[in-house]
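J.: Okay, here's the structure, questions in a sec.
The values are calculated or read from the model by the stated rules, or taken from the named source; none is laboratory data. The structure presented is a predicted model; accordingly, all values stated were derived computationally and were not measured. Please note: Cβ atoms are built from the backbone with ideal geometry, for glycine as well, and neighbour counts cover all protein chains shown. Only protein heavy atoms, including side chains, enter the accessible area calculation; ligands, DNA and RNA are left aside. Shrake-Rupley method; radii C 1.70, N 1.55, O 1.52, S 1.80 Å.
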Amino acid sequence: MISSLIEHAAAFHPDTEIVSRLPEGPVRRTTWSQVAALSKQVANALAQFGIEQGDRVATLAWNSDRHLALYFGVSGSGAVMHTVNPRLFGHQISYIVNHAEDRVLFFDVTFAALVSELAPELETVEAFVVMTDREHMPEVPGVPADRLLCWEEFIGAQSARYDWPELDERSASSLCYTSGTTGNPKGVLYSHRSTLLHAMLSLSRDTFDIHSGSTLLLVVPMFHANAWGTPYSAAMVGAKLVLPGPHLDGHSVYQLLKDEEVTIMQGVPTVWMMLFGHLDEHPEIDAHEVGLQWAGIGGSALSRALLERIEDDFGAEGGQGWGMTETSPICVVGRLLPKHAALSRNEQQQIRLKQGRGVFGVQFKIVDEDGNRLPWDGKAFGEVWVRGPWIASGYFKGEGGEKLDAEGFFPTGDIANIDPDGYLQLVDRTKDVIKSGGEWVSSIDLENAAMSHPSVAEAAVIAVPHPKWQERPLLLVVPRPGSTPSRDDILEHLAGQVVRWWLPDDVVFVDELPHTATGKLLKVKLREQYRDHPLPSAT
């Protein structure tokens, strides 16, 4: 049971701090025992409202102690914790809430205007709870007064005594929808059993190495794939959690890193780049003083430039993981093996830039276009299929039909190779792959190579039509502030890193690139925007 996690944290790590930078602004310090009491108040409030086992309870919220209490209080009571991504388009949020048939919606004050706009479309929501006190209650004109509740009054009035029910460990505990770029998002249900097994795995030294002495800054949103499962892992060992709320700018993140002596930070590359932008603006800062030990990156590929800054600026170990909403999400994590200790820094970085080695519990196969298994030789690449105790078997309400093959493997849609040591390296997404003259070109490798140029802040590679080769790569570049790289500069830089026929036919400089709600490059929009872009070699 997920309730056993918060009970353990309260019993054996009652005074370990949970530090929250609230959406209202101030930093609040609570403890695991206080979060446990709050989670029981949540459970009592839901019971009084009439929420029953299996009912869905939604959140539109940032990372905070209140959201953490909902994680345990909702699931522990037998209801299903449905974290909604507020960065999605409004019509997607409405679809998700209605499809999930959420009965209660908890939301932070920063989302008051969004909720006011969407409330008339939310057909099943009976109560809207603003996660704040009476002093900070916002105006939410789209919600009828009798259905708008204040967290402090709705939750705070409840008893902190509650007997957690004994549930079937395979019953649903939480629900998260994909942030797909095409079609409606699809829901993925997690169970108590899958969540706890995933949390256990995350504690391993070869995974996140979370333990009772860790101080973890959780930048990855709690509304995205259960924050990579970390809130559950932290409770399992009583680690100190630092929750930044919506304050993800470089200054705010660095201040929390320093003030709370953070040892582990997890986040998407965009947040890391904002952090390093702050350090660039303040050269007097010595980031080594922070004491950061592990920098976890996910959501999109880790570039060598970002890895080097983690190592040089913080003196920390940097690495990435790979997974998806459908895999809870951890499948592989990029840690080195003992035999790699004697390698040069460059050789070690080449290994770290792979997505990582498979973790215990997850099985893999890579297959060609005909479904034939390919060898783990680090060269052959095909679509990755996975199976395991925290891998989805399908989508909520059967959306999308049967997903598993005859062996019980789930298709990820990612193209990768796996080397003899078990390190998986992504080559592309099946929908993003570039096929030029019958040969595949890796957009990920090209993007990483471009990002290693000192004047490149961000890069994206897409396929554009070509009269002779069917498709050719087009590189889009966001220059670093104050830099003015040229097309020839970029292509000359790439020429020393990739085979000649991979070189992009053109380079386009842009002010910014579009991203999905979870920080991934929105290539479907780029392909639509540049599908008629004239290539120099094609004219």
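J.: Take the stretch 388-402 and flag every residue that is part of a loop (DSSP other than H, G, I, E, B) and buried (at least 20 other Cβ atoms within 10 Å of the Cβ).
T.: Matches in the stretch 388-402: 388, 390, 391, 392.
J.: For the subset of the stretch 6-27 comprising residues that are more than 18 Å from residue 218 (Cα to Cα) and open to solvent by less than 50 Å² (accessible area, probe 1.4 Å), which member is modelled with the lowest pLDDT?
T.: Applying the filter and picking the extreme gives 24.
J.: Where in the stretch 78-167 are the strands (runs of 3 or more DSSP E), entirely inside, with at least 2 residues that are surrounded by 16 or more Cβ atoms within 10 Å (Cβ to Cβ) and touching a Gly at 6+ places or on another chain (Cβ under 9 Å)?
T.: Strands (runs of 3 or more DSSP E) meeting the threshold: 80-83.
J.: Tell me, which strands (runs of 3 or more DSSP E) lie completely within the stretch 237-338 with 1 or more residues that are of a type in the set (Lys, Arg) and surrounded by fewer than 24 Cβ atoms within 10 Å (Cβ to Cβ)? Lay out the reasoning, then the answer.
T.: Working: elements: 240-243, 264-267, 294-297, 317-323, 330-333.
Here the list reads 240-243.
J.: Scan the stretch 402-425 residue by residue and report those that are of a type in the set (Asp, Glu) and more than 14 Å from residue 355 (Cβ to Cβ). First the steps, then the outcome.
T.: Of the residues in the stretch 402-425, the ones of a type in the set (Asp, Glu) are 402, 405, 407, 414, 419, 421.
Scanning the stretch 402-425 gives 402, 405, 407.
J.: Moving to a separate point now. Does residue 168 fit the bill of being under 30 Å from residue 394 (Cα atoms) and out of contact with any helix residue (DSSP H, G or I) (no Cβ under 7 Å at 6 or more places or on another chain)? Spell out how you get there, then give the answer.
T.: Working: under 30 Å from residue 394 (Cα atoms): yes; out of contact with any helix residue (DSSP H, G or I) (no Cβ under 7 Å at 6 or more places or on another chain): yes.
When the stated conditions are applied, residue 168 passes them.
J.: While we're on this one: Quickly run through the stretch 396-412 and pick out the residues that are touching a strand residue (DSSP E or B) at 6+ places or on another chain (Cβ under 6 Å) and either aromatic (Phe, Trp, Tyr) or on the phi > 0 side of the Ramachandran plot (or both).
T.: If the condition is that a residue be touching a strand residue (DSSP E or B) at 6+ places or on another chain (Cβ under 6 Å) and either aromatic (Phe, Trp, Tyr) or on the phi > 0 side of the Ramachandran plot (or both), then 396, 408, 409, 410 are the ones that fit.
J.: Quick one: residue 201 ticks every box in (1) closer than 19 Å to residue 240 by Cβ; (2) open to solvent by 10 Å² or more (accessible area, probe 1.4 Å) except a single one, so which number is it?
T.: If we test residue 201 against (1) closer than 19 Å to residue 240 by Cβ; (2) open to solvent by 10 Å² or more (accessible area, probe 1.4 Å), just (1) comes out false.
J.: If I filter the stretch 28-47 down to residues being of a type in the set (S, T, N, Q) and surrounded by fewer than 24 Cβ atoms within 10 Å (Cβ to Cβ), which single residue comes out as farthest from residue 219 (Cα to Cα)?
T.: The extreme case among them is 44.
J.: Run down 321, 267, 277 and say which single residue is at pLDDT below 95 and under 20 Å from residue 423 (Cβ atoms).
T.: On the way: 267 fails: under 20 Å from residue 423 (Cβ atoms); 277 fails: under 20 Å from residue 423 (Cβ atoms).
Exactly one residue qualifies, and that residue is 321.
J.: In the stretch 48-59, what count of residues is obtained for those that are closer than 27 Å to residue 29 by Cβ and surrounded by fewer than 24 Cβ atoms within 10 Å (Cβ to Cβ)? Working first, answer last.
T.: Within the stretch 48-59, the first condition is being closer than 27 Å to residue 29 by Cβ, and the residues that meet it are 57, 59.
From what's left, surrounded by fewer than 24 Cβ atoms within 10 Å (Cβ to Cβ): none.
Adding up the residues that qualify gives 0.
J.: Just checking, does the stretch 38-53 include any residue being hydroxyl-bearing (Ser, Thr, Tyr) and over 24 Å from residue 127 (Cβ atoms)?
T.: The answer is no, given that none of the residues of the stretch 38-53 is hydroxyl-bearing (Ser, Thr, Tyr) and over 24 Å from residue 127 (Cβ atoms).
J.: A further question follows. Considering 446, 475, 424, which residue is open to solvent by less than 10 Å² (accessible area, probe 1.4 Å) and more than 24 Å from the chain's Cα centre (by Cα)? If you could, list the steps in order and put the result at the bottom.
T.: On the way: 446 fails: more than 24 Å from the chain's Cα centre (by Cα); 424 fails: more than 24 Å from the chain's Cα centre (by Cα).
Exactly one residue qualifies, and that residue is 475.
J.: Does residue 390 count as among the aromatic types (Phe, Trp, Tyr) and over 26 Å from residue 525 (Cβ atoms)?
T.: yes
J.: Further question: Between residues in the stretch 155-169 that are under 12 Å from residue 36 (Cα atoms) and residues that are acidic (Asp, Glu) and not in a loop (DSSP other than H, G, I, E, B), which pairs lie under 9 Å by C-beta distance while being six or more apart or on different chains?
T.: Within 9 Å, the pairs are 164/7.
J.: Name the single residue, out of those in the stretch 38-78 being of a type in the set (Lys, Arg) and closer than 21 Å to residue 191 by Cα, that is nearest to the chain's Cα centre (by Cα).
T.: Across the stretch 38-78, the extreme among qualifying residues is 56.
J.: Scanning the stretch 511-539 for residues that are β-branched (Val, Ile, Thr) and open to solvent by 20 Å² or more (accessible area, probe 1.4 Å), which turns out farthest from residue 225 (Cα to Cα)? Working first, answer last.
T.: Taking the stretch 511-539 and keeping what is β-branched (Val, Ile, Thr), we get 516, 518, 524, 539.
Now restrict to residues that are open to solvent by 20 Å² or more (accessible area, probe 1.4 Å): 516, 524, 539.
On the way: 516: 14, 524: 22, 539: 45 Å.
Out of the qualifying residues, it is 539.
J.: Among the residues of the stretch 281-319, which ones are in contact with a Pro (Cβ under 9 Å, 6 or more places away or on another chain) and free of Cβ contacts under 8 Å to residues at least 40 places away in the same chain? Reasoning before the result, please.
T.: Narrowing the stretch 281-319 to residues in contact with a Pro (Cβ under 9 Å, 6 or more places away or on another chain): 297-303, 305-306.
If the condition is that a residue be in contact with a Pro (Cβ under 9 Å, 6 or more places away or on another chain) and free of Cβ contacts under 8 Å to residues at least 40 places away in the same chain, then 297 is the only one that fits.
J.: I want to confirm something. Restricting to the stretch 417-442 and keeping residues that are modelled with pLDDT of 95 or more and aliphatic (A, V, I, L, M), which single residue is farthest from residue 378 (Cα to Cα)?
T.: Among those residues, the one meeting the criterion is 424.
J.: Something else now. Those residues that are outside any helix (DSSP H, G or I) and under 25 Å from the mean Cα position of the chain (by Cα), I need them from the stretch 487-533; list them, please.
T.: Within the stretch 487-533, 511, 512, 513, 514, 515, 516, 517, 518, 519, 520, 521, 522 meet the criteria.
J.: Oh, and also: Scan the stretch 168-178 residue by residue and report those that are assigned to a loop (DSSP other than H, G, I, E, B) and open to solvent by less than 30 Å² (accessible area, probe 1.4 Å).
T.: Result: 171, 178.
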